[in-house]
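Below is one structure, written out as structure tokens, with a few remarks after it.
Bear in mind these aren't lab numbers, they're just calculated from the coordinates by the rules spelled out. Quick caveat: nothing in here was measured; it's all calculated off a predicted structure. In this analysis, Cβ positions are derived from the backbone assuming ideal geometry, glycine residues included, and neighbour counts consider all displayed protein chains.
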Amino acid sequence: MFFFIGGVQPKTVKLDENPRTCPECGHSELYIKRTDSYLSLFFIPLFPVKKGIPFMVCENCGSVFTQDGTSMDGFSGYRAQKCPHCGRSVGTDFVYCPYCGKSL
Ligand SMILES: [Zn+2]
Ligand SMILES: [Zn+2]
């Protein structure tokens with residue numbers, strides 16, 4: 001019996017070592033991170049299949065910001081596009097609309 005143990009795994013990488021200050025609460029240990037999706041086989045990440053958007057999360061107040069310090073209104077609402085078929089807002093990284101299933 002052969003099992004193909006593969007899939008896509010998220011991997012969060014820190015992009016730089018310079019701490020930023022949280023615009024929300026003044027906490028000064030924010031680092032720019034990015035969550036990339038890796039195609040993995042036998043739990044070993046082989047290559048990135050999708051590069052994430054750089055972001056910063058404040059461990060103190062939980063706010064999420066983009067690289068330049070603007071607040072992100074949750075990941076799903078960020079850089080949303082409108083589905084031409086059902087009109088709902090969908091993240092730009094979607095190829096198919098999660099609501100109506102049509103190609104974007
Ligand atoms: Zn904060
Ligand atoms: Zn749709």
>> Mean-square fluctuation check for the chain, GNM, Cα pairs under 10 Å: which of Ile32, Ile53, Ile44 is largest?
In response: Ile44
>> Could you list Val95, Val64, Val90 so that the one with the fewest beta carbons within 10 Å of its beta carbon is first and the one with the most is last?
In response: Val95, Val64, Val90
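Assuming a ≥ b ≥ c are the square roots of the Cα gyration tensor eigenvalues, decide whether the chain counts as rounded (a/c under 1.5), prolate (otherwise, with a/b larger than b/c) or oblate.
Numbers: a/c = 3.02, a/b = 1.22, b/c = 2.46.
It is oblate, given that a/c is not under 1.5 and a/b is not larger than b/c.
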> Taking H as built 1.01 Å from N, whose amide H comes closer than 5 Å to the amide H of Val90, not counting residues under 5 places away?
Replying inline: Gln81, Lys82, Cys83
> What length, rounded to one decimal in nm, is gained on full extension from Tyr96 through to Thr21, with 0.36 nm per residue of separation minus their alpha-carbon distance?
Replying inline: 23.3 nm
>> So for the chain, averaging the separation of alpha carbon pairs under 8 Å that are six or more residues apart and normalising by length, what relative contact order in percent results?
In response: 17
> Going down the list Lys14/Lys82; Lys14/Lys51; Lys51/Lys102; Lys33/Lys82; Lys11/Lys102, which pairs span over 25 Å between their C-alpha atoms?
Replying inline: Lys14/Lys82; Lys33/Lys82; Lys11/Lys102
> Residue by residue, what Karplus-based ³J(HN,Hα) values in Hz, rounded to whole numbers, does the stretch 43-58 have, using 6.51, -1.76 and 1.60 with θ = phi - 60° and x for Gly and Pro?
Replying inline: 6, 9, x, 8, 8, x, 9, 8, 8, x, 8, x, 8, 10, 10, 7
>> Ignoring trypsin sites (Lys or Arg not before Pro) that are buried or in helix or strand per DSSP, and keeping those with at most 13 other beta carbon atoms within 10 Å, what is the longest stretch of the chain between them?
In response: 1-50
>> I want the local charge near Lys14. Using Cβ-Cβ distances under 15 Å, sum +1 for each Lys or Arg and -1 for each Asp or Glu among the other residues.
In response: 0
